[in-house]
Amino acid sequence: MFIIYGGLFFSLFIRIFTIQATGEVNGHQLEARAAALYEKEAVLTADRGKILDRNGSVIAEDTLSYRLIAVVSPKATTKKDDPQHVVDLEKTAKVLSEHIAMEESDIYVILKEGVSKERWQVEFGSAGRSISHEVMNAIKKEDLPGIVFASDTNRYYPNGPFASHLIGFALKEEQKDGSFKTVGKMGLEYIYDKELQGENGSVHYESDLFGYLLPNSEKMVQPAKDGDDIYLTLDKTIQNFLEEAMTDVYKDYNPESMVAIVADPKTGEILAMSQRPTFDPDTRGGLDSWTNEVIESAIEPGSTMKTFTLATAIETGKWKPNAQYQSGSYTILDRTIRDHNQVGWGKISYLEGFQRSSNTAMANLLEDIGNETLIDYFKKFGFGKKTDIGLPNEASGTLLTNYPVNYVTTSYGQGSTATPIQLVQAMTAIANDGKMMQPYVIDKIVDSNTGKVIQEEKSKVKGEPISKETAKQVREVLASTVTAEAGTAKRFAIEGYEVAGKTGTAWIADTDGSGYLTGKNNYLYSFLGMAPADDPQLIVYVAVKRPKLKLTEAGSEPVAKVFTSVMENSLKYLNINPEDAVEVQTESMGNYVGNDAEKVQTALTNEGLTPIIIGEGGKITDQYPKEGLSIPKGSLIFLKTDGAITLPSFDNWSLRNVLVYKQMSGLRIEVAGEGFVTSQSVSPNTVIADDSPIVIQLKTPEEVYSAKEEKTEEGEDLPQD
């Protein structure tokens, strides 16, 4: 017995010694097995970067949502009268199918499979993800045992259909490892997917078999790096003006399609861009085409191209506005060109011909300009090549020069093609005293973790196809198409502002290649205009394809409804004063940085201004507006100081003033609506002590008026006897 037990002990000793020396058991590393049992890793998910407008208003962002989980293991229940797992599979499947986008039978199969395979819990794929707070609460009210929720994120587009073909959308997709990741599928979400993605972090720690952190174990954290934020040149307010006008016209005229652009001619910044049909990026409802028509589709632009034929004639000294020509028809070889009324207006001046949008006026002008000279200038205006706006699949258009008649038709906008963005780029040269600005939509890209600007776009002069003097003269002629008795653009006049622009009525090629469609409902109607004419601040291009017109309606009517609404509202929003505006008293802004805030506040108040102190007072560290600017009496003046911030009353503030306050204060202010402030979630005179969001609600005067009307109809707020 001694020998037997001694041998066993010796064998055990040798085995223990071997394990200690080699760290292996049956070829398996013990350290690796221990790590597998006790070392845990949790993923810290990075938030996708935001897409914002030029003022910091959110266009796309990750928002809190929920993931639906069904616990199916009976082991989860410790008290029989308080079940913590799914008890009734059929009932659970039926109730859940009423709240999520999945058939009852499919939900039942997932639940049953989870039970049969003895899983702890099951999920429901994409149908069970990105669940809103409202849906979560509705499911919770059903009081289904075993149904729980985990926090999740969802890509949210708070503005609905809003430059949708430019912004695009992103969706959660299941990866090979079973995890889910938000991936850009279209538009800027797709183009800048890498920048927006960010990098997930992780937490490494040691735990026991139940998942609890072991005492004295190290916990290593690799923080998540959120995606970069992308600021666009778009202005949310102007974009909303455009979306609203486009929706109204699309509803009233049911056209085949529409496109529109608003641009700053001084910089090339695109302030708004839209098309119809459009879609809601949250639901993808209405998504029939993935093409951004403004960038990717070349069209025969029609008479808007006469703007650049006119500019070429003036620049080359061939424009004689009072010289006369015979309107009606023009023959070149075997082809006859006719004016839009077929018979013309007799012998008229070239100025009147341009105002009437005469094709034969351009054909006669071309004789003096010369074919090659015209094409050379059109190339200088950027036609026939991409604008390099920085968006994919941009079309370049084509300048036709195969036959002599091609030059003639190109002079008035048929045959040769151009994209809407090319027309806007070319028009910046007319509006900007000869300097043609490259269009762009990305303002800057910012590291959301540090606030550092990674990439910033600057205005770029693309070329100078014409002189300042020529540009001024072209604007004067374009303005006459709106004001002259013979002008085709009279519908585009705006009270208080001088508009300059050119109408277009373009033929549309038949899809079978047999020629052009006929009938007044089969044209592409457009307008390329700017205002104010003497110093343009905005360019607006609108095109409506094949609208359903009434017998008495002209094709320019739906175009004018979009243009005049957007241009007038945008000019007023930008504080571009009408020409006949009453002169107001102004004060010149001084430099108050470094001065005592209370003393400056008193002095500004005595001057008829309204100072707003941001901080506790004392020395002023920043101010808005800056020194030297002329400020109308009654304007808000923002004075930044150090210390805690006491919230003012935002009542009746404009959106612009709210955004200035947000930027200077650094507070987490969330703006809802447009127009003027009607309410705020945090009361005035509250000292802000944390980073909780402050919601500012704005409404337009029309919304406020409508609300009052509804109250009156309900019998409220009626005058008393």
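The values are calculated or read from the model by the stated rules, or taken from the named source; none is laboratory data. Everything numeric here is computed off the predicted structure, so don't read it as measured data. Cβ placement follows ideal geometry from the backbone for every residue including glycine, while neighbour counts extend to all protein chains displayed. When the accessible area is computed, the model is the full protein with side chains, heavy atoms only, and any ligands, DNA or RNA have been set aside. Shrake-Rupley method; radii C 1.70, N 1.55, O 1.52, S 1.80 Å.
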### Task
Evaluate the distance, in nm, between pseudo-label points positioned 7 Å from the Cα of Lys112 and of Ser396 along their respective Cα→Cβ axes.
6.1
### Anchor Lys75: lysines whose Cα lies under 20 Å away (excluding residues fewer than 8 positions away in-chain)
Lys112, Lys117
### Query
So what are the ³J(HN,Hα) numbers for the stretch 266-280, from phi and the Karplus equation (6.51, -1.76, 1.60; θ = phi - 60°), rounded to whole Hz, Gly and Pro as x?
6, 10, x, 5, 8, 8, 7, 7, 7, 8, 10, x, 10, 8, 8
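Is the stretch 462-518 best put as rounded, prolate or oblate by its Cα gyration tensor, with a ≥ b ≥ c the root eigenvalues, rounded for a/c under 1.5, and otherwise prolate when a/b is larger than b/c, oblate when not?
On the way: a/c = 3.28, a/b = 1.53, b/c = 2.15.
Oblate is the answer for the stretch 462-518, as a/c is 1.5 or above yet b/c matches or exceeds a/b.
Show me 186-199, 446-459, 645-658 ranked by packing, highest mean number of other Cβ atoms within 10 Å first.
On the way: 186-199: 19.4, 446-459: 13.1, 645-658: 16.8.
Put in order of decreasing packing, that is 186-199, 645-658, 446-459.
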### Query
Which lysines have a Cα less than 18 Å from the Cα of Lys194, not counting those fewer than 8 places away in the same chain?
Lys50, Lys172, Lys181, Lys185, Lys225, Lys444, Lys452
### Query
About its Cα centre, how strong a charge dipole does the stretch 425-542 have in debye, to the nearest 20, once Lys and Arg get +1 and Asp and Glu get -1 at the Cβ?
100
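Using a 1.4 angstrom probe, figure out how much accessible area the chain has per residue, in square angstrom, rounded to the nearest whole. Intermediate results must be reported in sequence, preceding the final value.
On the way: 36630 Å² over 721 residues.
Heavy-atom SASA per residue in the chain reads 51 Å².
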### Query
Calculated from the structure, Cα extents along the principal axes in Å equals which of [x] 64, 61, 49; [y] 93, 89, 63; [z] 133, 73, 65?
[z]
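If r is the Cβ-Cβ distance from Asn254 to Lys460 and R0 is 45 Å, what FRET efficiency results, to the nearest 0.05?
Working: r = 39 Å, r/R0 = 0.88.
The value I calculate is 0.70.
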### Length gained when the stretch Ser105-Asp334 is fully extended (0.36 nm per residue, less Cα-Cα span)
75.4 nm
### Task
Place a +1 charge on the Cβ of each Lys and Arg in the chain and a -1 charge on the Cβ of each Asp and Glu, then give the dipole magnitude about the Cα centre in debye, rounded to the nearest 20.
1720
### Query
Counting only DSSP beta bridges with both residues in the chain, what percent are antiparallel, rounded to the nearest 5?
90
### Task
Mind ranking 292-301, 511-520, 391-400 by how tightly packed they are, going by the mean number of other C-beta atoms within 10 angstrom, highest first?
292-301, 391-400, 511-520
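Between Asn685 and Glu495, how high is the FRET efficiency from 1/(1 + (r/R0)^6) when r is the Cβ-Cβ distance and R₀ = 56 Å? Nearest 0.05. If you can, show how the numbers build up before the last one.
Values: r = 42 Å, r/R0 = 0.75.
Taking R0 as 56 Å, the efficiency between Asn685 and Glu495 is 0.85.
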### Task
Be a star and scan the stretch 68-93 for residues whose amide nitrogen sits under 16 Å from the point 7 Å along the Cα-to-Cβ vector of Glu142.
68-72, 85-93
### Message
About the Cα centre, and with charges only on the beta carbon of Lys, Arg (+1) and Asp, Glu (-1), how big is the dipole of the stretch 620-708? Nearest 20 debye, please.
### Response
220
### Charge tally in the Cβ shell below 15 Å around Asp339, where Lys, Arg are +1 and Asp, Glu are -1, Asp339 excluded
+4
### Message
Applying a 10 Å radius around every beta-carbon, put 668-680, 77-89, 305-317 in order of their mean neighbour count, most first.
### Response
305-317, 668-680, 77-89
#### Entry: Farthest toward positive dipole pole in the chain [+1 Lys/Arg, -1 Asp/Glu at C-beta], among Val262, Trp653, Tyr377
Tyr377
### Task
Rank Pro83, Ala150, Met305 by how far each Cα sits towards the positive end of the charge dipole of the chain (+1 on Lys, Arg Cβ; -1 on Asp, Glu Cβ) and give me just the farthest.
Met305
### Message
Using the basic label-point model (7 angstrom from Cα toward the beta carbon), what is the Thr610 to Tyr403 distance in nanometres?
### Response
6.7
### Message
Roughly how far apart, in whole Å, are the Cα centres of the stretch 142-197 and the stretch 108-131?
### Response
21
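Which pairs, out of Lys251/Lys550; Lys251/Lys548; Lys320/Lys490; Lys306/Lys347; Lys502/Lys561, put more than 18 Å between their alpha-carbon atoms? Let's see the in-between values first.
Numbers: Lys251/Lys550 14 Å; Lys251/Lys548 10 Å; Lys320/Lys490 23 Å; Lys306/Lys347 20 Å; Lys502/Lys561 15 Å.
Check vs 18 Å cut-off fails for Lys320/Lys490; Lys306/Lys347.
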### Task
Return the distance in nm (one decimal) between the two label points of a simple spin-label model at Asn371 and Lys520, each offset 7 Å from Cα along Cα→Cβ.
3.6
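Pop out the carbon and sulfur fraction of the accessible area of the chain as a percent, whole number, probe 1.4 Å.
Heavy-atom surface of the chain belonging to carbon and sulfur, 1.4 Å probe: 49 percent.
If you stretched the chain out fully between Val593 and Ile4, how much longer would it get, using 0.36 nm times the residue separation minus the C-alpha to C-alpha distance?
Length difference between fully extended and current span is 202.5 nm.
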## Note on the structure
For the stretch 92-123, listing trypsin sites (Lys or Arg not before Pro) in a DSSP loop whose Cβ sees at most 11 other Cβ atoms within 10 Å gives Lys117
### Query
For Gln326 and Glu476, what is the calculated FRET efficiency with R₀ set at 22 Å and r taken between the beta-carbons, to the nearest 0.05?
0.30
### Message
With the cut-off at 1.5 for a/c, could you classify the stretch 226-307 from its C-alpha gyration tensor as rounded, prolate or oblate?
### Response
oblate
